[in-house]
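Asks: My structure is below; once you've seen it, I'll send some questions.
Just so you know, all these numbers are worked out from the coordinates, no wet-lab data involved. This structure is a prediction, so every number in the text was calculated from the model and none was measured. Please note: Cβ atoms are built from the backbone with ideal geometry, for glycine as well, and neighbour counts cover all protein chains shown.
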Amino acid sequence: MTVFITNIHGLNYVNTAQQAQNTVAEIACHDLHFKEIPMYFYDWPDEPIEVRNGRFDGMLAGLANNDTVIFQAPSWNSIDWDIGLVDRVSLYNGVKKVIFIEDVLPLMFEANLYLMPKYIQYFNKADVLIAPSVKLIERLRQDGLKEDIPVIYQQFWDHPGMISPFISPKNSHTISFAGNPDKFTFIKSWNYDVKLKVKLKVYTDAKIDNQNVEAIGYKIDPLLLESLQRNGGFGLVWTDDPYTEQYMTMDAPSKLSTYLASGIPVVVKNNLAQSEFIDEHHIGYCVANLEEAAEKVKEISDEQYATLSRNANRIGNMIRDGFFTKRALIDAVFLANI
């Protein structure tokens with residue numbers, strides 16, 4: 001039996017969705033010896049079925065009966081394209097299908113909510129699902145996901161990389177955030193540098209018209225981890241958009257893993273899907289609002305911070321080593337084939 005995994009190409013090189021898929025595929029192929037099914041992102045809504053199927057047959061040239069295919073979902077082509085690919089794979093006898101739910105577009109963007117029935121149709125074709133959280137599966141089952149499809153839970157994205165063993169993050173009483181102020185508008189109104197002397201450091205090249213915020217600039221991945229580690233303080237996972245916040249109660253934010261991979265503790269909204277894990281393993285604070293976040297960052301002692309950062313780095317070791325991805329993939333392939 002050979003295990004295959006899909007992997008998207010052709011998006012912007014800084015696109016987080018492509019980075020996530022490429023990382024999963026790299027771990028799967030390098031560490032677990034899976035075989036990649038490369039996919040290209042393209043915009044051809046009127047592509048003839050016979051042309052599309054010819055494309056699928058080329059992608060699946062190495063597939064044989066009784067193999068296993070892991071579909072990283074979505075492919076970022078259309079949902080009809082994704083359904084067509086899984087149906088093409090189903091023509092092979094005994095092939096097991098694992099759908100790795102990495103994002104659900106109808107839940108990410110309200111304008112796409114009308115697509116939910118097709119996403120449920122797609123997910124229902126799986127022998128096993130990989131999902132970020134129990135809450136997501138509960139929501140999908142409300143919309144028609146079959147109760148008898150087994151699920152493996154991912155919990156965290158992995159973020160392979162290296163940090164210096166000679167740098168200990170310092171209790172700088174600062175908060176770091178990787179994101180664009182046009183999307184995360186709380187950046188523009190941050191005033192806790194004045195009220196509590198807690199500065200927000202933002203990793204973006206966008207102009208920030210707020211003197212209480214320090215713009216660090218965009219950094220490529222190795223430099224990002226090093227900068228976060230050197231700056232210390234806390235990494236922030238936050239949104240002020242209600243629809244996005246609801247999605248984050250079900251999703252696995254990539255920012256969360258980036259901060260932990262750098263060895264720093266985190267501050268998150270207390271309804272985040274991973275909030276219970278964060279509390280249980282003492283790797284940060286789960287708070288109701290940004291003022292509470294700033295207060296906790298301001299008041300933490302050096303001793304308390306050292307404990308949180310050690311715990312964060314312990315989880316970060318697993319994230320940098322691809323542990324969560326490898327565990328989810330191995331468990332899903334095993335479950336699909338027993």
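Asks: What does the charge count around Asn171 come to, taking other residues whose C-beta lies under 14 Å from its C-beta (Lys +1, Arg +1, Asp -1, Glu -1)?
Replies: +4
Asks: While we're on this one: What is the distance, in nm, between label points placed 7 Å from the Cα along the Cα-to-Cβ direction at Ala206 and at Met108?
Replies: 1.7
Asks: Taking 7 Å along the Cα-to-C-beta vector as the label spot, tell me the Val134-Glu292 distance in nanometres, rounded to one decimal.
Replies: With each label point 7 Å from Cα toward Cβ, the separation is 2.1 nm.
Asks: What's the angle, to the nearest 10 degrees (0 to 90), between helix 323-337's Cα axis and the longest principal axis of the chain?
Replies: Rounded to the nearest ten degrees, it is 20.
Asks: Give the calculated FRET efficiency between Glu214 and Ile83 to the nearest 0.05, with a Förster radius of 45 Å applied to their Cβ-Cβ distance.
Replies: Computed FRET efficiency for Glu214 and Ile83 comes out at 0.45.
Asks: What is the sum of charges around Val51, taking Lys and Arg as +1, Asp and Glu as -1, for the other residues whose C-beta is under 15 Å from the C-beta of Val51?
Replies: -3
Asks: Measure of size requested: the Rg and Dmax of segment 195-338, with Cα atoms as the atom set and Å as the unit; please supply both.
Replies: 16.3, 59
Asks: Could you tell me how far the Cα centroid of segment 245-260 sits from the Cα centroid of segment 136-174, in Å?
Replies: Measuring centre to centre over Cα atoms gives 7 Å.
Asks: Given H placed on each backbone N at 1.01 Å, which residues far from Phe234 in sequence or on other chains put an amide H within less than 5 Å of it?
Replies: Thr174, Ile175, Ser176
Asks: Given a Förster distance of 51 angstrom, what is the FRET efficiency for Ile167 paired with Asn93, based on the Cβ-Cβ distance and rounded to 0.05?
Replies: 0.40
Asks: What list of ³J(HN,Hα) couplings, whole Hz, do you get for segment 198-211 from phi and the Karplus terms 6.51, -1.76, 1.60, once you set θ to phi - 60° and write x for glycine and proline?
Replies: 10, 7, 9, 9, 10, 8, 7, 8, 5, 6, 10, 8, 7, 6
Asks: A follow-up question, please. What aspartates and glutamates sit close enough to Lys125 to cross-link, taking a C-alpha to C-alpha distance under 14 Å and skipping anything fewer than 8 places away on the same chain?
Replies: Asp80, Asp82, Asp87, Glu147, Asp148
Asks: Which ³J(HN,Hα) values in Hz, rounded to whole numbers, follow from the phi angles of segment 26-38 under the Karplus curve 6.51 cos²θ - 1.76 cosθ + 1.60, where θ = phi - 60° and Gly and Pro get x?
Replies: Using θ = phi - 60°, the values come out as 4, 5, 5, 7, 7, 8, 10, 6, 6, 10, 7, 10, x Hz.
Asks: Taking 24 Å as the cut-off for C-alpha to C-alpha distance, list the pairs among Lys35/Lys135; Lys219/Lys298; Lys35/Lys219; Lys170/Lys296; Lys146/Lys269; Lys135/Lys199 that go past it.
Replies: Lys35/Lys135; Lys219/Lys298; Lys35/Lys219; Lys146/Lys269; Lys135/Lys199
Asks: When the chain is modelled as a GNM with alpha-carbon springs shorter than 10 Å, which of Gly316, Gly58, Gly144 fluctuates the most?
Replies: Ranking Gly316, Gly58, Gly144 by mean-square fluctuation puts Gly58 first.
Asks: Gain in length, Leu223 to Lys146, computed as 0.36 nm per residue apart minus the alpha-carbon separation, to one decimal in nm?
Replies: 23.4 nm is the gain from fully extending Leu223 to Lys146.
Asks: Same structure, new question: Calculate the FRET efficiency for Asp57 and Thr2 from the Cβ-Cβ distance with a Förster distance of 22 Å, rounded to the nearest 0.05.
Replies: Working from the Cβ atoms, E equals 0.80.
Asks: Now, a different point. When Lys and Arg each count +1 and Asp and Glu each count -1, what net charge do the other residues less than 11 Å away from Asp182, Cβ to Cβ, add up to?
Replies: Net of charged neighbours comes to +3.
Asks: Measure nothing fancy, just the Cα-based angle from helix 290-299's long axis to the longest principal axis of the chain, in degrees from 0 to 90, nearest 10.
Replies: Orientation of helix 290-299: about 50 degrees from the principal axis.
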